[in-house]
Amino acid sequence: MKILFTKNIDQTIISKKLGEDISVDCIEVIKTQPLKVSPFDLKNYSLIFTSVNGVSSFFENGFKPNEDFTAKNYNKIYCVGEKTKKELRKHGFGTFKVLRNAEVLSGFIIGKCQHEQFLHFCGNLAINVLDKDLPLQNIKYKKVTVYNTEEINPLITEKYHAAVFFSPSGVRSFAKQNSLENMNLFSIGETTSGELRNYTKKNIFTSESNDVVSILDMIVKFYKNKQI
């Protein structure tokens, strides 16, 4: 059994979860580069982070949120995924709300946060769910690009029983020169699965949580059930 992971994953975690019966190759299909952005006043804004790279690039540029909840103009922080939340905690900040994906976050903001104004710190290839949905509801929203994502588009000649994808940009990069047919497809989150559906009609196995452990558990489950 051979599986391709389209990003580098800690081999210790893979071995612990998958054992020795499943062979794994990790090949990066995208690369990211932080951008230099001059920090500005965040007063009166709620902050959105949808990736670990967005968080790390935000702090590398010297931005400083105000998390004093007793203050009038403190910054509410919204994020997508547990990994993004953990990255914020590394920098000493908590989150007002953690949502599963951008679609769920958009629905939450439209339903409960109509009077806030938002800054979304993200990459140049960030999905357009928020900037498509929120302005239609007259919610003030602006993207701040703090890192670049480049699609590498590698040609992969090795044959695999399954491939694992972690982002829409990773899907696009892989699909540029490689077929998605003749192997099972695993995806970390519904947003990435949605991008995969643009390239194939095959069934896509989507993890319940946006983290590596969740997708490894899913692979083990299907392997034991002889479904891959």
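The values are calculated or read from the model by the stated rules, or taken from the named source; none is laboratory data. Because the structure is a prediction, the values reported are computed rather than measured. All Cβ positions, glycine included, derive from the backbone under ideal geometry; neighbour counts span all protein chains shown.
Data for the structure
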read-out: Verdict on Gly107 being small (Gly, Ala, Ser), more than 13 Å from the chain's Cα centre (by Cα) and part of a loop (DSSP other than H, G, I, E, B); value: no
read-out: Qualifying residue in region 10-25 (condition: surrounded by fewer than 15 Cβ atoms within 10 Å (Cβ to Cβ), within 16 Å of Asp211 (Cα to Cα) and acidic (Asp, Glu)); value: yes
read-out: Residue tally, condition assigned to a loop (DSSP other than H, G, I, E, B) and in contact (Cβ under 8 Å) with a residue 24 or more places away in the chain, over region 82-103; value: 6
read-out: Number of positions in region 10-26 that are in contact with a helix residue (DSSP H, G or I) (Cβ under 6 Å, 6 or more places away or on another chain) and either hydrophobic (A, V, I, L, M, F, W, C) or closer than 24 Å to Asn153 by Cα (or both); value: 1
read-out: Test for Lys72: is it surrounded by fewer than 16 Cβ atoms within 10 Å (Cβ to Cβ) and under 22 Å from Ile215 (Cβ atoms); value: no
read-out: Any hit, region 64-77, residues being assigned to a helix (DSSP H, G or I) and at pLDDT 95 or above; value: no
read-out: Per-region count, region 147-201, residues under 20 Å from Val80 (Cα atoms), hydroxyl-bearing (Ser, Thr, Tyr) and in contact with a Leu (Cβ under 8 Å, 6 or more places away or on another chain); value: 4
read-out: Single match in Leu216, Leu196 (criterion: farther than 16 Å from Arg100 by Cα, touching a Lys or Arg at 6+ places or on another chain (Cβ under 6 Å) and in contact (Cβ under 8 Å) with a residue 12 or more places away in the chain); value: Leu216
read-out: Check on Ile9, touching a residue at least 24 places away in the same chain (Cβ under 8 Å), in a helix (DSSP H, G or I) and of a type in the set (A, V, I, L, M, F, W, C); value: no
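Yes/no per residue for (1) modelled with pLDDT of 95 or more; (2) closer than 16 Å to Leu185 by Cβ:
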| position | (1), (2) |
| --- | --- |
| Thr6 | yes, yes |
| Val24 | no, yes |
| Ile30 | yes, no |
| Gln33 | yes, no |
| Ser38 | yes, no |
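Conditions tested, residue by residue: (1) on the phi > 0 side of the Ramachandran plot; (2) of a type outside the set (Val, Ile, Thr); (3) touching a helix residue (DSSP H, G or I) at 6+ places or on another chain (Cβ under 8 Å).
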| residue | (1), (2), (3) |
| --- | --- |
| Ile139 | no, no, yes |
| Lys142 | no, yes, no |
| Glu158 | no, yes, no |
| Ser169 | no, yes, no |
| Asp211 | no, yes, yes |
| Phe222 | no, yes, no |
